[in-house]
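Comments concern the structure below.
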Amino acid sequence: MPTSADLHRRRGAAVARGVSSMIPSYVSTAAGGTMTDVDGRGWIDFGSGIAVTNVGNAAPKVVEAVRAQVERFTHTCFMIAPYEQYVAVCEQLAELTPGDFEKRSALFNSGAEAVENAVKIARHATGRQAVVVFDHAYHGRTNLTMALTAKVMPYKHGFGPFAGEIYRVAMSYPLRDGRGGADAAAYAIGQIEKHVGATDVAAVLIEPIQGEGGFVVPAAGFLPALAAWSRQAGAVFIADEIQTGFCRTGSWFACEDEGVEPDLITTAKGIAGGLPLAAVTGRAEIMDAVHPGGLGGTYGGNPVACAAALATIETMRELDLAAAARRIAEVALPRLHALAAKHPQIAEVRGRGAMLALELVRPGESGPDGPVPDPAATAAVAKAAHGLGLLLLTCGTYGNVIRLLPPLVIADDELDRGLSLLEQAFEALTDTTTPGAGK
Ligand code: PLZ
């Protein structure tokens, strides 16, 4: 078998530089909460392939369902010859997503595609064009979703021009705006009313807890206030639950924690245990505003991906993975708080369920956005963790957030070992003495 070094050399001559990888190790196998690389090195997985393998890698039921489906048929195109699995996934989505009302779903391949379609549907249903998004938002890498995404580097730099009629307003970010949820919502709504106009808004699109933007948890009351404003203004309230969904935050969907019932909800990632599948689910009258043939795509709701989704959902129900996510928080949070007490660079420990984060700053320093971010320290901790065999991801507009996204099926001893490695990785901070390095 080729080594990681061999593969890395081959990659350099064949794979586009724009597609980069966090670690230079190549995967051989992966399971519940672990991964093994081709060099035989073991890893603890605190990333789940960016919140995808919530049921673990190669989860037994998913493997079995995929194998059975592949043997029956691999593709017919739902727009040509439909099949039960697609319908069954839409039924599950109607049941699992918040809101006790008539719903419809449409299936796609990636999160970005789901977000694009949610915007298409909202515009069609309202006859309006403006889409409101938030500071630090991440919604994808296609042209429309780049426009919806806040962070320029690496996602948008040099890729314009971007789609129009996108308006960005302030996100509730308690560490940095110091506002309660109601105040932060009033501020954002004021921006919308002044700069967009309530009657022109087709959709308000928000991640209930921001993902790539830094695991930003809005202050309580922010989401419900925006949802209420949207309803009043006749705008479609869209929750992007692509990263937060499917038990990640300790509920099936993060909106539930604040009793918010979005008009539309986008899902992907955790939905199918690692196979590419995404969905837009929402109020029947909004979804069905679109004419027949107006939505679709060759592979959307591919039967193998749908079979994987049905097995994934069954696994989540059987193992009660929402409860597992809450248990992960119970184990991890005390240790993360202890770590924060030891390292003044950790300005905040936040998150919900198995979506947890540490935000790193330069102790005692304050800038225009509040505490001064420390991306250099963040990168140093992540690098040290990788050296120790812990797959640890970072995020944030300022690149200064360490995020924990373990598979929800992670074994107690793996979680414990992962947290110990994280604690050890923080020892690297004592070695970062160059202020501002890496900026
Ligand atoms: N909406 C909330 O988190 C994907 C992307 C990583 P796709 N996040 C990880 C990267 O660098 O590309 C995401 C998300 C939210 C939309 C998306 C987009 O989902 O399946 O990557 O298209």
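The values are calculated or read from the model by the stated rules, or taken from the named source; none is laboratory data. Just so you know, these numbers come straight off a predicted model, no measurement behind them. As a convention, Cβ positions derive from the backbone with ideal geometry for all residues, glycine included, and neighbour counts pool all protein chains shown. Ligands, DNA and RNA are stripped out before the accessible areas are found, and what is left, the full protein with its side chains, is counted by its heavy atoms. Shrake-Rupley method; radii C 1.70, N 1.55, O 1.52, S 1.80 Å.
Here are the numbers:
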{"quantity": "Cβ pairs under 8 Å, 6+ apart, first in the stretch 342-361 and within 18 Å of L405 (Cα to Cα), second assigned to a loop (DSSP other than H, G, I, E, B) and open to solvent by 30 Å² or more (accessible area, probe 1.4 Å)", "calculated": "R350/V217; G351/V217; R352/V217; L360/Q345"}
{"quantity": "Residue within the stretch 212-221 that is within 16 Å of the ligand (Cβ to nearest atom), of a type in the set (V, I, T) and either part of a helix (DSSP H, G or I) or open to solvent by 10 Å² or more (accessible area, probe 1.4 Å) (or both) present", "calculated": "yes"}
{"quantity": "Residue ID - most open to solvent (accessible area, probe 1.4 Å), chosen from residues in the stretch 29-83 that are of a type in the set (A, V, I, L, M, F, W, C) and closer than 18 Å to Y299 by Cα", "calculated": "I80"}
{"quantity": "Identity of the residue in the stretch 102-127, open to solvent by 50 Å² or more (accessible area, probe 1.4 Å) and more than 16 Å from the ligand (Cβ to nearest atom), that ends up nearest to L277 (Cα to Cα)", "calculated": "R104"}
{"quantity": "Number of positions in the stretch 242-275 that are of a type outside the set (S, T, N, Q), within 11 Å of the ligand (Cβ to nearest atom), in contact (Cβ under 8 Å) with a residue 60 or more places away in the chain and not in a helix (DSSP H, G or I)", "calculated": "3"}
{"quantity": "Number of the condition not met by F101 [criteria: (1) modelled with pLDDT under 95; (2) under 30 Å from G234 (Cα atoms)]", "calculated": "(1)"}
{"quantity": "Where V131 falls short, out of the listed (1) of a type outside the set (K, R); (2) farther than 22 Å from T244 by Cα; (3) part of a strand (DSSP E or B)", "calculated": "(2)"}
{"quantity": "Flag if A130 is in contact with a strand residue (DSSP E or B) (Cβ under 6 Å, 6 or more places away or on another chain) and either open to solvent by less than 40 Å² (accessible area, probe 1.4 Å) or away from the ligand (no atom under 16 Å from the Cβ) (or both)", "calculated": "yes"}
{"quantity": "Cross-chain or 6+ apart pairs with Cβ under 7 Å, the stretch 74-97 first and in a loop (DSSP other than H, G, I, E, B), then of a type in the set (D, E, K, R)", "calculated": "T97/K103"}
{"quantity": "Hits in the stretch 276-287 - residues which are outside any loop (DSSP other than H, G, I, E, B) and among the aliphatic types (A, V, I, L, M)", "calculated": "A278, A279, V280, A284, I286, M287"}
{"quantity": "Evaluation of M146 against (1) in contact (Cβ under 8 Å) with a residue 40 or more places away in the chain; (2) within 15 Å of the ligand (Cβ to nearest atom); (3) not polar (S, T, N, Q) (one fails), failing number", "calculated": "(1)"}
{"quantity": "Residue match in the stretch 317-326 (condition: surrounded by fewer than 24 Cβ atoms within 10 Å (Cβ to Cβ) and either at positive phi or assigned to a loop (DSSP other than H, G, I, E, B) (or both))", "calculated": "yes"}
